[in-house]
Amino acid sequence: MDGVIEVNGLTKRYGDVVAVNDLSFTVPDGLVTGFLGPNGAGKSTTMRMILGLNRPTSGTATVDGRPFTGWRSGLHHVGALLDAGDVHPGRGARAHLSALARTNGLPSRRVGEVLEEVGLTGAARRRVGGFSLGMRQRLGIAAALLGDPPVLLFDEPVNGLDPEGVRWVRGLFRSLAAEGRTVLVSSHLMSEMEHTADRLVVVGRGELIAEETVAEFAARGGRARVTVRAPEAVRLVPFLTAAGAAVDADGPGSLTVTGLPAAEVGELAFRNHIVLHELTAHRASLEEAFMELTADRTQYRAEAAR
């Protein structure tokens, strides 16, 4: 499937406020791309510009080589969930989807198919105003899938979902990408992106911080650590610190080392005739890398409790 999203030099200003600043990235097909950033980073504004809902101050956002507004049949080409609450509360789930199908020239059978796919068949005639947030999220996902599009955008899609729903949506996004679709998912839940995304676009204060795989981004964090257990661990400490590592004693014969890879720690022990009982590398988590690399790009920050 074709449907690469390309963002080039995208900028959006609201008076003196710069929401997005000269932002460029690509979302390829066949992968789940996580769109991450602190609150106020410009994620939702960027997604709205991709969909033609906000006009950029400068720059371009294209889907398969043209602006989204250039596609005559929107839901046939791009499906999106931006706000699960953006549905008339007095309308039933089936009626809402049927209206979207009619206005986009889609067969009525698609309504029943997507309701079943998201698990809302039994609630099809219920008014949306009585839905939980999780059910509204499922309805929004159903609307995005209605036209069977090659490009899909989801803004915070797991909000309100229970653990089973989170597991389901994680599998859904992966299966959509496996079919060759372009999948862009905005989220503030680092644990979800660690288990769902193949690659990341990370922004802060409207500017690009990183565009790379999940593993590459996590590796950029400086908090990767090594656990060392040795009968003479105390002898190893000066050699580690001389090599630039930070060392914390976790108890007799146990150390936590940061700043050196496990292989180098092992070599230092070997060269200095220090026997090791354990040498375990712990990769920095995605959340740790995210917090470290966006620390100076957070718009809203709470003071530490006193």
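Residue 184 satisfies every condition listed in (1) under 21 Å from residue 292 (Cα atoms); (2) under 12 Å from the mean Cα position of the chain (by Cα); (3) not in a helix (DSSP H, G or I) except (1). Within the stretch 56-68, residues that are assigned by TED's automatic domain parsing to the domain that holds residue 80 and modelled with pLDDT of 95 or more have Cβ atoms under 7 Å from residues that are assigned to a helix (DSSP H, G or I) and crowded, with 21+ Cβ neighbours inside 10 Å in these pairs: 56/49; 61/49; 61/50, counting only partners at least 6 apart in sequence or on another chain.
Matching residues to (1) crowded, with 22+ Cβ neighbours inside 10 Å; (2) in the same structural domain as residue 193 (by TED's automatic domain parsing); (3) under 30 Å from residue 191 (Cα atoms):
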{"position": "91", "(1), (2), (3)": "no, yes, no"}
{"position": "100", "(1), (2), (3)": "no, yes, no"}
{"position": "104", "(1), (2), (3)": "no, yes, no"}
{"position": "107", "(1), (2), (3)": "no, yes, no"}
{"position": "111", "(1), (2), (3)": "yes, yes, no"}
{"position": "119", "(1), (2), (3)": "no, yes, yes"}
{"position": "127", "(1), (2), (3)": "no, yes, no"}
{"position": "136", "(1), (2), (3)": "yes, yes, yes"}
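Just one of the listed residues (172, 200) is in the same structural domain as residue 141 (by TED's automatic domain parsing) and either outside any helix (DSSP H, G or I) or under 30 Å from residue 252 (Cα atoms) (or both), and it is 200.
Among the residues of the stretch 201-221, count how many are more than 23 Å from residue 5 (Cβ to Cβ) and surrounded by fewer than 19 Cβ atoms within 10 Å (Cβ to Cβ).
3
Out of the residues in the stretch 203-232 that are over 20 Å from residue 153 (Cα atoms) and part of a loop (DSSP other than H, G, I, E, B), which is modelled with the lowest pLDDT? Going through the qualifying residues, I end up with 222. For the stretch 222-263, name all the residues that are buried (at least 16 other Cβ atoms within 10 Å of the Cβ), over 33 Å from the mean Cα position of the chain (by Cα) and of a type in the set (D, E, K, R). Within the stretch 222-263, 229 is the sole residue that qualifies.
The values are calculated or read from the model by the stated rules, or taken from the named source; none is laboratory data. Everything quoted here is computed from the prediction, not taken from an experiment. Glycine gets a Cβ as well: all are built from the backbone with ideal geometry, and neighbour counts include every protein chain shown.
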